[in-house]
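Trainee: Quick one: the structure is below, and I'll ask about it shortly.
The values are calculated or read from the model by the stated rules, or taken from the named source; none is laboratory data. Just so we're clear, the structure is a prediction, and the values are computed from it rather than from any experiment. Positions of Cβ are generated from backbone atoms using ideal geometry, with glycine treated the same way; all protein chains shown enter the neighbour counts. The accessibility values were calculated without ligands, DNA or RNA, using every heavy atom of the protein model including side chains. Shrake-Rupley method; radii C 1.70, N 1.55, O 1.52, S 1.80 Å.
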Amino acid sequence: QVQLVESGGGAVQPGGSLRLSCAASGSSFAIYTMAWFRQAPGKEREWCAGISVGSSKSYLDSVKGRFTISRDNAKRMVYLQMTNLKPEDTAVYYCRAVRPGMDYWGKGTLVTVSS
């Protein structure tokens, strides 16, 4: 069993930065692929970024070059550094932990980008 708790959301102006954190409790964090998803108002949830067990990273095209995902297995943490934020990045951001037969989600943290 893994519990995920996101933090770091808030309101920011266009061009600003935020760092989201996801704290994982439970065992075997290092063997989970971790990902960040987001859901904008009135839209479906979409995948933003992922990091594998071996720390290979991948990104949604629209966030590539602006967002950076990272993980610290010793601290059981995954991060999403977001820079040059745009109004279209406004969404609830969710952390997800996945491995064969296991799939866990956090409750999300709200990011609002507005002037």
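Trainee: In nm, to one decimal, how far is the modelled label at S115 from the one at V5, with both set 7 Å along Cα→Cβ?
Mentor: Taking the simple label geometry, S115 and V5 are separated by 3.7 nm.
Trainee: Same structure again: Report the FRET efficiency, 1/(1 + (r/R0)^6), for W47 and K75, where r is their Cβ-Cβ distance and R0 is 22 Å, rounded to 0.05.
Mentor: The computed FRET efficiency comes out at 0.40.
Trainee: Can you tell which of G26, G54, G101 shows the greatest fluctuation in a Gaussian network model of the chain with Cα springs below 10 Å?
Mentor: G101
Trainee: Read phi for every residue in segment 62-78 and hand back ³J(HN,Hα) as whole Hz from Karplus 6.51 cos²θ - 1.76 cosθ + 1.60, θ = phi - 60°, with x for Gly and Pro.
Mentor: Calculated HN-Hα couplings, in order: 6, 10, 4, x, 10, 10, 9, 9, 8, 9, 10, 5, 5, 9, 6, 10, 10 Hz.
Trainee: Computed over the Cα atoms of the chain, what is the ratio Rg over Rh, Rh following Kirkwood? Mind dumping the intermediate values first?
Mentor: Numbers: Rg = 13.4 Å, Rh = 14.0 Å.
Across the chain, the Cα-based Rg/Rh ratio is 0.95.
Trainee: While we're looking at this one, here's another question. Go through D72, D61, D89, D103 and list them by solvent-accessible area, largest first, probe radius 1.4 Å. Provide the component values of the computation, followed by the final result.
Mentor: Values: D72 50, D61 120, D89 0, D103 75 Å².
Accessible-area ranking of D72, D61, D89, D103, largest first: D61, D103, D72, D89.
Trainee: Additional query: Counting heavy atoms of the protein chains only and a 1.4 Å probe, report the per residue accessible area for segment 1-41 as a whole number of Å².
Mentor: With all protein chains present, segment 1-41 gives 45 Å² per residue.
Trainee: A further question follows. In segment 1-96, what GluC sites (Glu not before Pro) fall in a loop by DSSP, with at most 13 other Cβ atoms inside 10 Å?
Mentor: Taking segment 1-96 and a limit of 13 other Cβ atoms within 10 Å, the loop GluC sites (Glu not before Pro) found are E44.
Trainee: Something else about it: Would you list, by chain and number, the lysines whose Cα falls below 19 Å from the Cα of K64, excluding same-chain residues fewer than 8 positions away?
Mentor: Qualifying lysines at Cα under 19 Å: K86.
Trainee: Still on this structure, I have one more. Give me the percent relative contact order of the chain, please, defined on Cα pairs under 8 angstrom at least 6 residues apart.
Mentor: Contact order relative to length: 37 percent.
Trainee: Okay, next question. Considering only protein heavy atoms and a 1.4 Å probe, what is the carbon-and-sulfur percentage of the accessible area of the chain?
Mentor: Carbon-and-sulfur percentage of accessible area, whole number: 50.
Trainee: What aspartates and glutamates sit close enough to K107 to cross-link, taking a C-alpha to C-alpha distance under 16 Å and skipping anything fewer than 8 places away on the same chain?
Mentor: E6, E44, E46
Trainee: Here's a follow-up. Quick one: 3J(HN,Hα) in Hz for segment 4-12, Karplus 6.51/-1.76/1.60 with θ = phi - 60°, rounded, Gly and Pro as x.
Mentor: So the J values, rounded to whole Hz, are 10, 10, 8, 7, x, x, x, 9, 8.
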